[in-house]
Structure formats: structure tokens, C-alpha cells
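The values are calculated or read from the model by the stated rules, or taken from the named source; none is laboratory data. The structure displayed is predicted, hence computed values, not measured ones. In this analysis, Cβ positions are derived from the backbone assuming ideal geometry, glycine residues included, and neighbour counts consider all displayed protein chains. Note: accessible area is taken over every heavy atom of the protein model, side chains too, but ligands, DNA and RNA are not part of it. Shrake-Rupley method; radii C 1.70, N 1.55, O 1.52, S 1.80 Å.
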Amino acid sequence: MNQLAVRKAVSLAIDRTAISSQGEAGLEPVATNASGIVLPNFASLVASGVKTATLSPHANAKAADAVLKAAGYTLKGGFYALKGKQVMITITDPSNYSDYALDDQLMANQLKAAHINATFDGLSDNAWYADLADGKFGSATSHWSNTNIVPYGQYDGWLDSALDTSNASGDFEGLKNPTVDKELLALAGQTSAKGQLKALAPIEQYVASQLPVIPTVYGAAFDEYNTSSYSGWPTPTNAYESGSPNTPTNEVVVLHLKPVA
């Protein structure tokens, strides 16, 4: 997965529609832009350079084949190899995270259909979190992104090298790119939509072209609420914040609630 051609082939070979409809029960829609920016939420912040960088909703094994062949990979024992070394990808996640476990198994099967030797390894919660923290998980893992009302939180969690420590809290792929770090700092200081768009452009382009993270679906922030005693909850028509009961968003929601007379 440290080879760009392999990451591109993986992105082409997976079936995002199956991940969305089967693994995520249709609750999380297919990611459509290779920059990973959440759509339609941040449609106004998609840089012009990545508007055409679309992701295929279905598996395209032929396109994945073409990418690997162009990069010098050849078939060995039915799977692609480079200089005699077979590409082997292990996708790890907790086996009791039933959606991720099914997502990963689907992807492993889809990759095999594109002649990429991939398997899913289901771990215990504790083992998975420990492996993420010390960077010793398998070749890949499915993981949620930071929920945020601006794109900075998402990209910082993906790409900020300061998070890649011996007890990592982000940048799980271990990216160390000083230019990207500077671009994230520039983005963090933006308060206007215009400023965000300008600062986002090189970051979006980097993710779309280099695929340090491969977007699959747009994650949902799940919540349930009861209107019998309080009103003011976030709704699709008044989505002022995520209703998911996590800090710090739960504080924002509580401040919007009013007792029902």
C-alpha cells in the first residue's frame, strides 16, 4: 500500500455501491470525489482542480489491471507481483464491528477479482486499537473520519504528521509530508469560505492524486432523540450540528433544547 499504483488499483477495484448498500445497510452513501471532501455538505468548497476527480461507484477490475500493468506489475500465481514479490494486502478491523467486517470482506473479494491477493483479518477491539496506535496494523484498515462542521477536522485527522506518534490518534497511514503539514496550518487559520477554498485546493489535489486515504462512503453521524419532553433537536431541515451524543457536539445540542410545555 506504500506504492501509488497499488493504491490507485485498490480504489478502482472496490465496489463502493456494495459497501454502501450491503456493509452499511444503505445508511452511508457512496463517496463520489477522490479528494474525500464530504458531499453534498461541502460542495461549495470543492476546488476546481478536483471537480472531475470522480470515484467509480462500482468495481472496475479492468481499469485496476491496466494501472498495475502500466507500473510494471505482472501476474504470478494468479495475482499481481512486482519483481517477483506478490502484492498481498491484509485489511484489519474489529470482527465485532459488523459493518466494517462486512465492508472489509467485500473489498477483499473485490480485490481478488482484480488479481490482488487480499484478505480480511478480524481482530478484537483492544488488539485493533493497540495496532492503530502503534502503526502495526495490517496493510490497510477501514476507519471513520473526524466529524466536523468544516473540512479542516477531516483532513487534519487524515494527514497531520503530528498525530503519527507512538500512540497515534490520526494519520494512521503514517504520512510525513512537510508541505501538507504547512497547508493544514494555513487551512486552520481560515475563517471565510473563500479563504477555506483557497487553502483546501492543494490538500484536495494531494488526496485525489496520491490517495494516502482511499474514500469509500460518506460516514453518517447517527443519533436518536425523543421530542416528548424537549424540542430543538438537530433535524435534516435544521442541521445546526450533529445529533450524535459525543463531545463537544452534545454540548451544542443541549444549548438548543427547550422544554416542551
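Just a few scattered comments:
- Test: residue in segment 100-112 that is of a type in the set (Phe, Trp, Tyr) and over 24 Å from Tyr155 (Cβ atoms): no
- Condition check for Phe172 on (1) out of contact with any Leu (no Cβ under 6 Å at 6 or more places or on another chain); (2) open to solvent by 40 Å² or more (accessible area, probe 1.4 Å); (3) not in a helix (DSSP H, G or I): one failure, at (1).
- Gln196 being of a type in the set (S, T, N, Q) and not in a loop (DSSP other than H, G, I, E, B): yes
Every residue, every condition in (1) farther than 22 Å from Val217 by Cα; (2) modelled with pLDDT under 95; (3) in a helix (DSSP H, G or I), yes or no:
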{"residue": "Asp93", "(1), (2), (3)": "no, no, no"}
{"residue": "Asp103", "(1), (2), (3)": "no, no, yes"}
{"residue": "Ala118", "(1), (2), (3)": "no, no, no"}
{"residue": "Asp121", "(1), (2), (3)": "no, no, no"}
{"residue": "Tyr129", "(1), (2), (3)": "no, no, yes"}
{"residue": "Phe137", "(1), (2), (3)": "no, yes, no"}
{"residue": "Lys182", "(1), (2), (3)": "yes, no, yes"}
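- Segment 223-245, residues that are closer than 30 Å to Met107 by Cα and touching a residue at least 24 places away in the same chain (Cβ under 8 Å): Ser242, Ser244
- Contact map, segment 24-36: first residue open to solvent by 10 Å² or more (accessible area, probe 1.4 Å), second residue aromatic (Phe, Trp, Tyr) and assigned to a loop (DSSP other than H, G, I, E, B), Cβ cut-off under 9 Å, separation 6 or more or different chains; pairs are Leu27/Phe222; Glu28/Tyr218; Pro29/Tyr218; Val30/Tyr218; Thr32/Tyr218.
- Top-ranked residue of segment 78-99 - restricted to ones that are farther than 17 Å from Val6 by Cβ and open to solvent by 30 Å² or more (accessible area, probe 1.4 Å), ranked as nearest to the chain's Cα centre (by Cα): Asp99
- The residues of segment 191-200 that are free of Cβ contacts under 8 Å to residues at least 24 places away in the same chain and open to solvent by 60 Å² or more (accessible area, probe 1.4 Å), listed by number, are Thr191, Lys194, Lys198.
- Where a residue in segment 138-151 is open to solvent by less than 30 Å² (accessible area, probe 1.4 Å) and its partner, wherever it lies, is part of a loop (DSSP other than H, G, I, E, B), with Cβ under 6 Å and at least six apart: Ala140/Met1; Pro151/Ile37; Pro151/Phe42
- Each residue in segment 201-220 was checked for being in a helix (DSSP H, G or I) and either in contact with a Cys (Cβ under 9 Å, 6 or more places away or on another chain) or open to solvent by 30 Å² or more (accessible area, probe 1.4 Å) (or both), and 6 pass.
- Checklist (1) open to solvent by 20 Å² or more (accessible area, probe 1.4 Å); (2) at pLDDT 95 or above; (3) among the polar types (S, T, N, Q) applied to Ser11, failing item: (1)
- The set of residues from segment 231-258 being in contact with a strand residue (DSSP E or B) (Cβ under 7 Å, 6 or more places away or on another chain) and either loosely packed, with under 15 Cβ neighbours inside 10 Å or under 30 Å from Ala5 (Cα atoms) (or both) comprises Ser231, Leu257, Lys258.
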